[in-house]
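Structure record follows, encoded as structure tokens.
The values are calculated or read from the model by the stated rules, or taken from the named source; none is laboratory data. Note that the structure is a prediction, hence the values are computed from the model and not measured. So basically every Cβ, Gly included, is an ideal-geometry build from the backbone, and we count neighbours across all protein chains shown.
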Amino acid sequence: MRSAGEIANAVRAGEVSAESVVRESLDSIAARDGELRAFLQVFETDAVARAKAIDAMVAKGDDPGPLAGVPVAIKDNICTVLGRTTCASRMLEHYESPYDATAVTRLLDAGAVIVGKTNLDEFAMGSSCEHSAFGPTRNPWDAERVPGGSSGGSAAAVAAGMVPVALGSDTGGSVRQPAGLCGVVGVKPTYGRVSRYGLVAFASSLDQIGVFARTNADAALVLRVISGADERDATSARRDDTACDAGLGRDAAGLTLGVPSFAHDDAVSAETRAVFDATCEALRAAGVELVDVELPHASHGVAAYYIVAPAEASSNLARYDGVRYGRRAEGVNSLDEMYTRTRSEGFGHEVQRRIMLGTHVLSSGYHDAYYVNALRVRRRIKQDYDAVFARGIDAVLTPTSPSPAFGVGEKLDDPMALYVEDLFTVGANLAGLPAVSVPAGFADPKRQEGVGEGEDPSPRPSPPGGEGGRLPVGVHLVGHAWGEAALLGAASVVERVCGVSGRVAPA
Amino acid sequence: MPDELSIEDVRKVARLARLAVSDADAERYRAELAAVLGYIERLGEVDVAGVEPMAHVADAVNMLRDDEPGAAFDPSVVEKLAPEAADGFIRVPKVLGEGGGA
């Protein structure tokens with residue numbers, strides 16, 4: 001499938017019909033999604049009808065916009081009038097939103113065609129897409145492995161070539177980690193760059209809608225469309241510097257990336273380390289300056305995050321009480337029984353655990369020791385980034401996640417094993433900074449249970465651009481606040497040097 | 001940092017969060033939450049003396065708009081979303097008396 005930019009140009013010029021593009025996308029979903037389960041809903045009839053309407057606009061001489069005829073997938077915690085918005089939860093299984101999220105409205109106004117809603121960990125809580133109430137999504141590069149999460153459905157849909165671009169949401173890494181594990185570009189904007197109106201709230205001070213694409217150019221194209229002030233979200237920034245494509249294609253020379261020592265944390269697997277080191281070498285050879293930097297509090301990010309995010313979630317998810325919308329337990333005798341049974345039946349295990357964790361850290365006697373203390377560490381983490389950027393560093397470079405995609409079920413019973421997936425990504429959420437995962441190479445790790453005594457555990461990494469393995473490995477860049485143009489410019493250098501972006505996982 | 005989480009703590013937060021937890025689940029949650037809280041203890045290593053808590057990264061406070069009426073959903077839209085509704089009202093079990101206590 002072509003890139004979003006190529007599709008829009010061809011449709012606007014009348015060279016290709018939006019209908020043929022959308023039918024191609026729907027055919028691809030039909031062919032591959034039985035195995036991958038990236039989509040919770042597919043809108044065949046509506047998508048084709050809308051594509052025909054776009055073709056009619058072009059025929060009349062009207063311009064449908066910069067995403068004319070581009071098929072997009074939307075994570076199912078982002079509200080659409082079309083279909084249901086379930087958050088992959090029994091709580092909202094039949095919920096039909098009466099409004100579109102602002103980001104969705106902007107996609108539609110730009111001529112995009114929504115082909116379906118994608119799977120996620122329930123209420124975006126998870127890093128594997130296994131915590132969906134409707135079953136896991138599979139990684140297109142290896143169906144025995146997870147796509148990452150929580151936006152695993154959107155990542156898999158883009159990686160498998162079912163759509164060129166998709167929306168996700170990112171609270172602690174939920175766009176970037178699955179992007180890394182699926183070999184696509186995933187960008188989380190600066191907090192406030194994209195309106196959160198219509199994004200079902202998880203942790204409001206951390207949540208941002210983000211973009212999946214197979215290239216940085218496509219990510220920038222979509223991000224530019226969805227960015228900007230919105231009176232329906234008081235935290236959306238009143239700024240007009242939304243030209244986040246302005247830095248694409250820049251020279252490697254003159255780019256300065258900071259590599260913090262925690263990029264080599266013990267949690268990083270040998271195969272990811274090998275791809276990361278090879279990427280650093282290739283960047284240096286291309287003329288990028290790599291500088292050692294310190295983020296002294298970065299390794300405390302996960303601990304701070306697992307106080308702040310559940311605390312906010314326990315408050316946000318109090319709204320699911322069975323009164324106004326969503327699920328209500330049957331046969332209840334009292335209001336209190338209705339609340340309790342509705343929530344116990346409607347939420348899955350992971351969501352209930354995080355609600356309890358958040359309730360605990362906010363409860364009387366623990367509030368200062370846990371919650372307020374975490375907020376102080378959060379400021380330390382932001383100050384670390386401020387100090388690094390004040391030194392003239394353009395972006396901070398690390399692996400996206402500690403290891404390539406793990407097996408379905410492998411980490412299901414160990415919350416801490418899963419939470420460490422967020423090691424490199426949570427800092428950008430806590431500090432509100434823009435960040436992107438870029439495909440850097442492929443690795444061929446042995447399965448966890450296969451690494452035993454007497455076996456050679458040495459990885460077989462590929463050099464950037466090489467073909468040494470079958471599982472994607474991503475690298476992660478964190479940029480200056482409101483510096484999306486510079487960040488994606490830097491990412492485009494990484495993309496060019498590594499040479500593995502733009503690929504579709506073979507069926 | 002506070003003492004290790006007990007079963008009573010789990011029951012208390014479950015009650016506060018309006019979640020019903022079976023005896024078997026309570027022990028599982030206790031073990032899982034204790035593991036996470038144990039991990040979180042490393043925050044005690046950070047020197048935060050004199051550091052202001054940061055609940056939010058946004059500099060702006062109190063975004064105001066003109067107090068003009070805008071478009072609103074028709075009551076029928078809200079009624080359709082409700083699990084149980086009648087005559088323009090959302091129905092819930094009895095709030096006062098024996099059924100209350102929420």
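Observations on the model:
- Residue ranges of strands (runs of 3 or more DSSP E) in the stretch A:156-265 with at least 3 members touching a residue at least 40 places away in the same chain (Cβ under 8 Å), of a type in the set (A, V, I, L, M) and in contact with a helix residue (DSSP H, G or I) (Cβ under 7 Å, 6 or more places away or on another chain): A:165-170, A:208-213
- Set side by side, the residues A:R379, A:R354 differ, and just one is crowded, with 24+ Cβ neighbours inside 10 Å and part of a helix (DSSP H, G or I), which is A:R354.
- Check on A:G149, farther than 15 Å from A:V222 by Cβ and free of Cβ contacts under 8 Å to residues at least 40 places away in the same chain: yes
- If the condition is being over 19 Å from A:S403 (Cα atoms), in contact with a Lys or Arg (Cβ under 8 Å, 6 or more places away or on another chain) and at pLDDT below 95, then the stretch A:449-503 contributes A:E455, A:G502, A:R503.
- Within the stretch A:116-145, being surrounded by 24 or more Cβ atoms within 10 Å (Cβ to Cβ) and in contact with a Gly (Cβ under 7 Å, 6 or more places away or on another chain) holds for A:K117, A:T118, A:N119, A:L120, A:D121, A:E122, A:G126, A:S127, A:S128, A:C129, A:H131, A:T137.
- Verdict on A:A53 being surrounded by fewer than 18 Cβ atoms within 10 Å (Cβ to Cβ), modelled with pLDDT of 95 or more and either in contact with a Ser or Thr (Cβ under 6 Å, 6 or more places away or on another chain) or in a helix (DSSP H, G or I) (or both): yes
- Any hit, the stretch A:287-300, residues being within 23 Å of the chain's Cα centre (by Cα) and among the polar types (S, T, N, Q): yes
- Given (1) more than 14 Å from chain B (Cβ to nearest Cβ); (2) surrounded by 19 or more Cβ atoms within 10 Å (Cβ to Cβ); (3) of a type outside the set (F, W, Y), index of the condition A:D207 fails: (1)
- Matching residues, the stretch B:36-75, being assigned to a helix (DSSP H, G or I) and over 21 Å from the mean Cα position of the chain (by Cα): B:G38, B:Y39, B:E41, B:R42, B:L43, B:G44, B:E45, B:P75
- Every pair of residues 6+ apart whose Cβ atoms lie under 6 Å, when the first sits in the stretch A:356-376 and is within 7 Å of chain B (Cβ to nearest Cβ) while the second is surrounded by fewer than 17 Cβ atoms within 10 Å (Cβ to Cβ) and among the β-branched types (V, I, T): A:R376/B:V51
- Selected residue (criterion: farthest from the other protein chains (Cβ to nearest Cβ)) from residues of the stretch A:85-99 that are assigned to a loop (DSSP other than H, G, I, E, B) and crowded, with 20+ Cβ neighbours inside 10 Å: A:A88
- Flag for A:L67 being under 24 Å from the mean Cα position of the chain (by Cα), within 14 Å of another protein chain (Cβ to nearest Cβ) and surrounded by 24 or more Cβ atoms within 10 Å (Cβ to Cβ): no
- Selected residue (criterion: nearest to A:N373 (Cα to Cα)) from residues of the stretch B:41-52 that are within 7 Å of chain A (Cβ to nearest Cβ) and either at pLDDT below 95 or surrounded by fewer than 16 Cβ atoms within 10 Å (Cβ to Cβ) (or both): B:E52
- The residue list B:L33, B:L5 contains one member that is within 8 Å of another protein chain (Cβ to nearest Cβ) and either of a type in the set (D, E, K, R) or outside any loop (DSSP other than H, G, I, E, B) (or both), which is B:L33.
- Some residue of the stretch A:100-115 being within 14 Å of another protein chain (Cβ to nearest Cβ), surrounded by fewer than 24 Cβ atoms within 10 Å (Cβ to Cβ) and part of a loop (DSSP other than H, G, I, E, B): yes
- Conditions (1) outside any helix (DSSP H, G or I); (2) buried (at least 18 other Cβ atoms within 10 Å of the Cβ): number failed by A:L290: (2)
- Hey, A:V396 within 13 Å of chain B (Cβ to nearest Cβ) and β-branched (V, I, T) or not: no
- Scanning the stretch A:299-345 for residues that are more than 8 Å from every other protein chain (Cβ to nearest Cβ), buried (at least 24 other Cβ atoms within 10 Å of the Cβ) and not β-branched (V, I, T) returns A:G301, A:Y305, A:A309, A:P310, A:A311, A:A313, A:L317, A:Y320.
- Across the stretch B:81-101, the qualifying residues are those that are at pLDDT below 80 and in a loop (DSSP other than H, G, I, E, B), and the one among them that is farthest from the other protein chains (Cβ to nearest Cβ) is B:L96.
- Check on A:L283, surrounded by 20 or more Cβ atoms within 10 Å (Cβ to Cβ) and over 22 Å from the mean Cα position of the chain (by Cα): yes
- Residues that are free of Cβ contacts under 8 Å to residues at least 24 places away in the same chain and either in contact with a Pro (Cβ under 7 Å, 6 or more places away or on another chain) or not in a helix (DSSP H, G or I) (or both) within the stretch A:323-342 comprise A:V323, A:R324, A:R328, A:A329, A:E330, A:G331, A:V332, A:N333, A:S334, A:L335, A:M338, listed in sequence order.
- Against the numbered list (1) more than 17 Å from A:L362 (Cα to Cα); (2) within 7 Å of another protein chain (Cβ to nearest Cβ), B:V61 comes up short only at (2).
- Positions within the stretch B:19-30 being in a loop (DSSP other than H, G, I, E, B), surrounded by 19 or more Cβ atoms within 10 Å (Cβ to Cβ) and either in contact (Cβ under 8 Å) with a residue 40 or more places away in the chain or more than 7 Å from chain A (Cβ to nearest Cβ) (or both), in sequence order: B:V21
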